[in-house]
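Below is one structure, written out as structure tokens; comments come after it.
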Amino acid sequence: MTRILVTGGAGFIGSHLCRRLLAQGHTVICADNFRTSAAESIAELDDDPAFSFLHHDVTQPLHVEAEQIYNLACPASPIHYQNDPVATLKTSVLGTLNVLELARATGARVLQASTSEVYGDPQIHPQHEGYWGHVNPIGPRACYDEGKRAAETLMCDYHRQHGSEIRIARIFNTYGPRMHWDDGRVVSNFIIQALHDEAITIGGDGSQSRSFCYVSDLVEGLIALMNVTGPDADRPVNLGNTHEVSIRDLALRIIALTGSASVLESIPLPTDDPRQRQPDIARAEALLGWSPRVTLEEGLKATIVDFRARKVLRDA
Ligand code: NAD
Ligand code: UDP
């Protein structure tokens with residue numbers, strides 16, 4: 001049994017990770033300031049004696065005894081991270097710095113939740129970990145992309161300078177039950193619009209692509225990466241599903257799976273919206289023996305069931 005700190009543990013991925021770690025018998029401390037989440041997401045864990053919650057902003061130093069730290073604290077949806085870009089950049093940079101200082105004091109191993117956004121609007125396809133990326137440093141996405149890039153730099157510098165034990169997961173678009181209702185991400189937006197028979201808002205002509213990973217697959221990958229050892233363990237690892245779809249095809253699938261009467265409506269493409277994204281997961285497969293298992297169809301069905309149930313509660 002390991003004592004594990006999860007920053008951002010009340011968020012979408014964090015709440016799934018906390019539950020999985022508790023199910024494996026670990027002690028979990030969740031630190032969060034609820035910037036993009038609420039107490040309800042972890043309320044059912046309160047009765048578990050192996051779980052504790054710390055209301056904390058990671059831009060401030062932390063003092064928690066733990067053997068492992070998953071650093072997930074950071075808004076992930078474009079509308080969330082762009083609504084206070086300075087706070088977003090501070091969360092990635094100061095948050096990671098504070099977590100690394102904590103780890104330096106306690107000897108903990110740190111896993112950083114990095115992102116495919118470090119590749120920006122990529123010029124190679126699929127994206128492998130050796131690619132340095134194509135990021136606009138002054139655009140509206142930069143608070144997130146550059147913050148995550150700086151966080152990776154801090155991780156690697158602490159490793160080289162102080163011998164810190166690091167793991168870097170470059171997470172690609174992840175979806176599943178308990179996504180925030182109104183965070184504006186494409187899967188949640190389309191499902192909610194479809195369930196209300198409202199127009200599905202397609203950015204541009206919808207030919208841009210993403211590759212969507214179901215949250216349980218992602219969580220297994222994070223845990224495998226945290227626990228792997230060996231000479232390559234401290235290098236960045238892509239975690240995502242390789243099945244790439246256009247945004248237009250995603251909309252049509254969700255309409256079909258929900259039996260919706262929704263029609264497609266084009267809206268302006270956001271600034272610096274990446275054209276295409278697909279992970280090369282050869283490193284994760286070789287290092288972790290990991291690859292995603294849940295198909296897009298299965299994952300969307302499970303996510304739609306969750307959103308339907310929440311809609312009933314919200315409509316009541
Ligand atoms: P989320 O917004 O649901 O969760 C983030 C959590 O961090 C929230 O609970 C939020 O309140 C908390 N938080 C934000 N700022 C904080 C601060 N200063 N101090 C303490 N807590 C703070 O996002 P998510 O989808 O669960 O993403 C989790 C992590 O994974 C993020 O670091 C994100 O960048 C990364 N990631 C997610 C995706 C994805 O598709 N969901 C893709 C790539 C990377
Ligand atoms: N998108 C869309 N309609 C929406 C929300 C998003 O067409 O209502 C598009 C968005 O422009 C992008 C893709 O879906 O091309 C993924 O967007 P999301 O915000 O989910 O994630 P990210 O851009 O960070 O990959």
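Please treat every number below as a calculation from the coordinates, not as lab data. In this text, all values refer to a predicted model and were calculated from it rather than measured experimentally. Note that we place each Cβ from the backbone using ideal geometry, even for glycine, and neighbour counts take in every protein chain shown.
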Exercise for review: Report the residues of the stretch 149-192 in range of a label on GLU44: point 7 Å along Cα→C-beta, backbone N strictly under 11 Å from it.
Suggested key: 178
Exercise for review: Among PRO268, GLY230, GLY203, flag the residue with its Cα farthest along the positive direction of the charge dipole of the stretch 186-277, charges on Cβ as +1 for Lys/Arg and -1 for Asp/Glu.
Suggested key: GLY230
Point to revise | Charge dipole (debye, nearest 20) of the chain; +1 at Cβ of Lys and Arg, -1 at Cβ of Asp and Glu | key: 240
Point to revise | Qualifying chymotrypsin sites (Phe, Trp or Tyr not before Pro) for the stretch 180-247 [loop in DSSP, other Cβ within 10 Å: at most 15] | key: TRP181
Check your understanding: Taking the chain as a Gaussian network, where each spring joins two C-alpha atoms under 10 Å apart, which residue of THR295, THR271, THR91 fluctuates the most?
Key -> THR271
Check your understanding: Stokes-Einstein D for the stretch 189-235 at 4 °C, 1.567 mPa s, Kirkwood Rh over Cα pairs, in µm²/s?
Key -> 91
Exercise for review: Please state the charge dipole magnitude for the stretch 274-316, taken about the Cα centre, from unit charges on C-beta atoms (+1 on K and R, -1 on D and E), reported in debye and rounded to the nearest 20.
Suggested key: 220
Review point. How big, on average over all directions, is the shadow cast by the Cα convex hull of the stretch 1-158, in nm²?
Key: 9.5
Point to revise | Which of LEU54, LEU97, PRO75, positive extreme of dipole for the stretch 43-125 (C-beta unit charges) | key: LEU97
Review point. What residues have an amide H closer than 5 Å to that of ALA199, excluding those fewer than 5 places away on the same chain, when H is modeled at 1.01 Å from N in the peptide plane?
Key: VAL263
Study note, to complete from the structure: Whole-Hz Karplus couplings 3J(HN,Hα) for the stretch 225-240, θ = phi - 60° and coefficients 6.51, -1.76, 1.60, Gly and Pro as x, run 5, 4, 9, 6, 10, x, x, 9, 5, 8, 8, x, 10, 5, 10, x
Exercise for review: Can you spot the lysines whose alpha carbon is less than 22 Å from LYS148's alpha carbon? Ignore those fewer than 8 places along the same chain.
Suggested key: LYS90
Check your understanding: Convex hull over the alpha-carbon atoms of the chain: what's its volume per residue in Å³?
Key -> 124
Practice item. Return the inverse of the average 1/r over all pairs of distinct C-alpha atoms in the stretch 196-289, which is the Kirkwood hydrodynamic radius, in Å to one decimal. Key: 15.5
Exercise for review: Give me the angle, in degrees from 0 to 90, between the Cα long axis of helix 186-195 and the longest principal axis of the Cα atoms of the chain, rounded to the nearest 10.
Suggested key: 40
